[in-house]
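The values are calculated or read from the model by the stated rules, or taken from the named source; none is laboratory data. This structure is a prediction, so every number in the text was calculated from the model and none was measured. Reconstructed Cβ throughout: ideal geometry from the backbone, glycine too, with neighbour counts over all protein chains shown.
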Amino acid sequence: MKLLEGIRVLDLTNVLSGPFSTLHLALCGAEVIKVENPIGGDLARKLGNVPEYNQKLLGTSFLAQNANKKSMTLNLKSDEAKDIFRELVKTADVVVENFRPGVMDRLGLGYEALAKLNPRIIYCAISGFGQEGPDSLKPAYDQIIQGLSGVMAVNGDERLNPLRAGFPICDTVGGLNAAFAIMAALYYREHTGEGQMIDVALLDSIMPLMGWIAANLLIGGKEPVLMGNDNFTAAPSGTFATQDGYINIAANKQEQWHAVADILEVPELKIDPRFEERDNRKKNRKELTPLLEIKLKLKPTEYWVEVFNKNSVPAGAILNLPDALSAEQVKYRETLQTVEKKGIGELKLFNLTAKFSKTPGKLETPPPDLSQHTNEILSEIGLSKEKIEQLKMHGVI
């Protein structure tokens, strides 16, 4: 049995936050039906760095997060399409959408309307700012949320700030938050029989990730200091130059600091008043770092990583993306899986990264072509071949 076997999800989402959420449900075994607009479908189908795939409506951005899903098309501005969607809702457990607030209500397909058809339905709306509030109707992309949340303000150093994260962190975290919320609502429904509405905002989702930094301000009364690659909780903890590049060292405990000093053959620093205690080391990290780098530059990164780790000091190389994705530990964990996609070939995609002992998730089918499953799904709810052809002629599907 799969973790979410028997759960049907109607996925009306586009681009990243919503599809990333439903990808996790699909990897857990839910039947996820992407309900896409007949002209072009999910915008991500045209996004990516391979023009040929974009023209096929299989852009790399779409391929990244739509495995294990089915695709059908419905023009939800059409009354016939709305009727079909309502019939599907009667068979479904979850509806996920990431339109601007109010869009689904104007279509007559908001939570209140759908709950009358299926009181057990779990309806998750993902938006930039939430369904209500002074900013709720503003447009929002990941970078906008990074700026408004404080994320860009705490990244970088005095030379480069503000600085966005190198990937769409707010969209992906929002998607994970939505997947977590849907799973929790399914658990609640299992005990009560009741569905409910879930309102997920990207702004809300990202801010708790800054919990430690926010606590220093909200509780400790101190605003964050721009520290670049240094860790604000400890020193020496951050990025350091070696003979052939850089190394990350995280000597967060006192005994780890002592081990670093001994390994680098600078034991006198352990009793130096500037560095003896954690808080003093943090205050004087700009003096400490060059003293350590004099020694670190005598050997390559690989040497230091092995020595530090053998002595229980967390340390690691700073890998480029190709090396990170092909690392032995990543291979062992099967973080990436391969699936065949007709017209493209082998795709390496991310698997479910939580490892369940009894109900492991699995990447089973490639991302679908636009409308690949429309006929199959419409047939399931009783539409004849003739009716389906008629709907196509009228642009409903």
Inset, instruction - Evaluate the stretch 78-94: report whether one residue or more is outside any loop (DSSP other than H, G, I, E, B) and under 20 Å from the mean Cα position of the chain (by Cα). - result: yes
Inset, instruction - Look at residue 97 and say whether it is touching a residue at least 24 places away in the same chain (Cβ under 8 Å), in the same structural domain as residue 12 (by TED's automatic domain parsing), acidic (Asp, Glu) and closer than 23 Å to residue 172 by Cα. - result: yes
Inset, instruction - Restricting attention to the stretch 108-144, report how many residues are out of contact with any Ser or Thr (no Cβ under 8 Å at 6 or more places or on another chain), outside any helix (DSSP H, G or I) and crowded, with 17+ Cβ neighbours inside 10 Å. - result: 9
Legend entry - Residue satisfying condition, being β-branched (Val, Ile, Thr), at pLDDT 95 or above, within 30 Å of residue 364 (Cα to Cα) and surrounded by 15 or more Cβ atoms within 10 Å (Cβ to Cβ), within set 339, 313: 339
Legend entry - Sole exception among (1) touching a residue at least 60 places away in the same chain (Cβ under 8 Å); (2) buried (at least 17 other Cβ atoms within 10 Å of the Cβ) for residue 207, by number: (1)
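Residues are listed down the side, and each one gets a yes or a no for (1) at pLDDT below 95; (2) in contact with a helix residue (DSSP H, G or I) (Cβ under 6 Å, 6 or more places away or on another chain); (3) outside the structural domain of residue 21 (by TED's automatic domain parsing):
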| position | (1), (2), (3) |
| --- | --- |
| 180 | no, no, no |
| 192 | no, no, no |
| 199 | no, no, no |
| 270 | no, yes, yes |
| 273 | no, no, yes |
Inset, instruction - Take residue 160 and decide whether it is assigned by TED's automatic domain parsing to the domain that holds residue 111 and either in a helix (DSSP H, G or I) or within 14 Å of the chain's Cα centre (by Cα) (or both). - result: no
Inset, instruction - List every residue pair whose Cβ atoms lie under 6 Å apart, where the two residues are 6 or more positions apart in sequence or sit on different chains, the first residue falls within the stretch 43-70 and is assigned by TED's automatic domain parsing to the domain that holds residue 22, and the second residue, located anywhere, is aromatic (Phe, Trp, Tyr) and modelled with pLDDT of 95 or more. - result: 44/62; 45/62; 59/53; 65/20
Inset, instruction - Could you identify the single residue in 16, 3, 23 that is crowded, with 18+ Cβ neighbours inside 10 Å, more than 19 Å from residue 85 (Cβ to Cβ) and outside the structural domain of residue 141 (by TED's automatic domain parsing)? - result: 3
Legend entry - residue 19 vs. criteria part of a helix (DSSP H, G or I) and under 25 Å from residue 396 (Cα atoms): yes
Inset, instruction - Search the stretch 288-308 for residues that are of a type in the set (Lys, Arg) and pair each with any residue that is surrounded by fewer than 15 Cβ atoms within 10 Å (Cβ to Cβ) when their beta-carbon atoms are under 7 Å apart and the residues are at least 6 apart or on different chains. - result: 295/265; 297/243; 299/243
Inset, instruction - List the number of the failed condition for residue 360; all other conditions in (1) surrounded by 16 or more Cβ atoms within 10 Å (Cβ to Cβ); (2) in contact (Cβ under 8 Å) with a residue 12 or more places away in the chain; (3) in contact with a Leu (Cβ under 9 Å, 6 or more places away or on another chain) hold. - result: (2)
Inset, instruction - For the stretch 216-232, indicate whether the set of residues that are crowded, with 16+ Cβ neighbours inside 10 Å and in a helix (DSSP H, G or I) is non-empty. - result: yes
Inset, instruction - Report, ordered by the first and then the second residue, all pairs with beta carbons closer than 6 Å, sequence separation of six or more or different chains, a first member in the stretch 124-140 that is farther than 15 Å from residue 110 by Cβ, and a second member that is of a type in the set (D, E, K, R) and in a loop (DSSP other than H, G, I, E, B). - result: 129/135
Inset, instruction - Could you list all residues from the stretch 70-95 that are buried (at least 23 other Cβ atoms within 10 Å of the Cβ) and in contact with a Pro (Cβ under 6 Å, 6 or more places away or on another chain)? - result: 71, 73
Inset, instruction - Any residue in the stretch 363-392 that's touching a residue at least 60 places away in the same chain (Cβ under 8 Å) and within 25 Å of residue 2 (Cα to Cα): show its pairings with residues that are of a type in the set (Ser, Thr, Tyr) and surrounded by 13 or more Cβ atoms within 10 Å (Cβ to Cβ) at Cβ separation under 6 Å, as long as the two are six or more apart or on different chains. - result: 368/71; 372/71; 373/71; 374/73
Inset, instruction - Could you tell me whether the stretch 55-77 includes any residue that is within 19 Å of residue 127 (Cβ to Cβ), touching a strand residue (DSSP E or B) at 6+ places or on another chain (Cβ under 6 Å) and hydrophobic (A, V, I, L, M, F, W, C)? - result: no
Inset, instruction - Answer yes or no as to whether residue 323 is in a helix (DSSP H, G or I) and acidic (Asp, Glu). - result: yes
Inset, instruction - Among the residues of the stretch 333-354, count how many are over 18 Å from residue 25 (Cα atoms), touching a Ser or Thr at 6+ places or on another chain (Cβ under 9 Å), of a type outside the set (A, V, I, L, M) and part of a strand (DSSP E or B). - result: 2
Legend entry - Residue among 231, 216 that alone is at pLDDT below 95, over 26 Å from residue 316 (Cα atoms) and not charged (D, E, K, R): 216
Inset, instruction - Report yes if some residue within the stretch 57-65 is surrounded by 24 or more Cβ atoms within 10 Å (Cβ to Cβ), assigned to a loop (DSSP other than H, G, I, E, B) and modelled with pLDDT of 95 or more; otherwise report no. - result: yes
